[in-house]
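The values are calculated or read from the model by the stated rules, or taken from the named source; none is laboratory data. Source: prediction; values computed, not measured. Ideal geometry is used to build each Cβ from the backbone, glycine not excepted, and the neighbour counts take in all protein chains shown. Surface areas here come from the heavy atoms of the whole protein model, side chains and all, with no ligands, DNA or RNA. Shrake-Rupley method; radii C 1.70, N 1.55, O 1.52, S 1.80 Å.
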Amino acid sequence: MKNINSQWHSNYDFIYEIPPLILSYSHGVFTGSFKPGVSFYKLRFEDVCSFLGHVCLCGAGGYKIAQLALENLKNDSPILEKDMFTLVSSRDHTVSDVVAFILGCSRRYDLQKNQYFIDESIEANKREYHYHIAYPPNKKAVEIIYRKHLLIGNEQMDRLWKIELALDKKPNSVSESDKKLYQDTMVSIVKDVLLDRKAGLFELKNIPYPINF
């Protein structure tokens with residue numbers, strides 16, 4: 001349900017219908033953050049938007065990857081524990097930062113806790129991202145491949161990227177038509193990701209635990 005005080009454009013009203021991700025968090029119980037008898041919390045896509053400061057494709061991709069990981073790393077327990085994951089990403093990218101934010105493994109290269117690694121030796125095509133995600137308590141791991149280029153193709157993605165770079169470098173150089181193209185396309189492809197409207201966008205497979213990096 002939409003928060004009446006939401007700052008996000010009405011074009012993105014569909015984000016409020018996206019199911020939340022549910023994680024348990026014993027540290028939250030220890031610190032007294034939760035109400036008595038509560039040990040889990042709901043993280044919504046709008047929380048990711050607040051983390052990034054805007055609604056975007058990277059946020060949507062990261063959210064779906066985390067959702068797939070949570071759904072497929074379960075054993076008997078239906079709710080997994082935040083702060084107990086290992087993430088290895090093929091690229092240093094905002095998508096993986098979002099996954100790390102959601103799963104609670106945001107400290108990079110920490111061998112003891114919150115493990116988050118970048119392994120650029122993983123071979124991947126242009127705008128194809130590989131994520132190895134492990135949940136040590138269940139001794140399970142998955143690989144999730146995100147083929148972002150399937151959304152609108154690399155050529156159109158390149159065009160949007162040039163518009164974004166121009167906006168960052170010299171805002172007045174971007175035409176109104178290019179701004180509209182960028183904004184309209186972003187609404188459409190964010191919806192494609194969150195509502196599973198594009199076949200083959202994500203591929204998931206089980207991989208041996210522990211994962212190598």
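Can you tell me which residue is most open to solvent (accessible area, probe 1.4 Å) among those in the stretch 120-135 that are among the acidic types (Asp, Glu) and modelled with pLDDT under 95?
Filtering the stretch 120-135 for residues that are among the acidic types (Asp, Glu) and modelled with pLDDT under 95, the one most open to solvent (accessible area, probe 1.4 Å) comes out as Glu123.
Mind telling me which of the residues Val142, Val88, Val98 ends up being under 12 Å from the mean Cα position of the chain (by Cα) and in contact (Cβ under 8 Å) with a residue 12 or more places away in the chain?
Answer to the selection: Val98.
Are there any helices (runs of 4 or more DSSP H) wholly within the stretch 1-72 with 1 or more residues that are modelled with pLDDT of 95 or more and surrounded by 12 or more Cβ atoms within 10 Å (Cβ to Cβ), and if so which?
Answer list for the stretch 1-72: 45-52, 57-72.
Matching residues to (1) of a type in the set (Gly, Ala, Ser); (2) surrounded by fewer than 14 Cβ atoms within 10 Å (Cβ to Cβ); (3) touching an Asp or Glu at 6+ places or on another chain (Cβ under 8 Å); (4) within 24 Å of Trp8 (Cβ to Cβ):
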residue: Arg108; (1), (2), (3), (4): no, no, no, no
residue: Pro137; (1), (2), (3), (4): no, yes, yes, no
residue: Leu150; (1), (2), (3), (4): no, no, no, no
residue: Leu160; (1), (2), (3), (4): no, no, no, yes
residue: Asp168; (1), (2), (3), (4): no, yes, no, yes
residue: Ser175; (1), (2), (3), (4): yes, yes, no, no
residue: Gln183; (1), (2), (3), (4): no, yes, no, yes
residue: Asn212; (1), (2), (3), (4): no, yes, no, no
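Taking the stretch 156-210, which residues are closer than 14 Å to Gly61 by Cα and part of a helix (DSSP H, G or I)?
Result: Met186, Val187, Ser188, Ile189, Val190, Lys191, Asp192, Val193, Leu194.
Could you check, for the stretch 48-64, whether at least one of its residues is more than 21 Å from Tyr182 (Cβ to Cβ) and in contact with a strand residue (DSSP E or B) (Cβ under 7 Å, 6 or more places away or on another chain)?
For the stretch 48-64, residues more than 21 Å from Tyr182 (Cβ to Cβ) and in contact with a strand residue (DSSP E or B) (Cβ under 7 Å, 6 or more places away or on another chain): present.
Among the numbered criteria (1) in contact with a His (Cβ under 7 Å, 6 or more places away or on another chain); (2) of a type in the set (Ser, Thr, Tyr); (3) surrounded by fewer than 17 Cβ atoms within 10 Å (Cβ to Cβ), which one does Ser90 miss?
(3)
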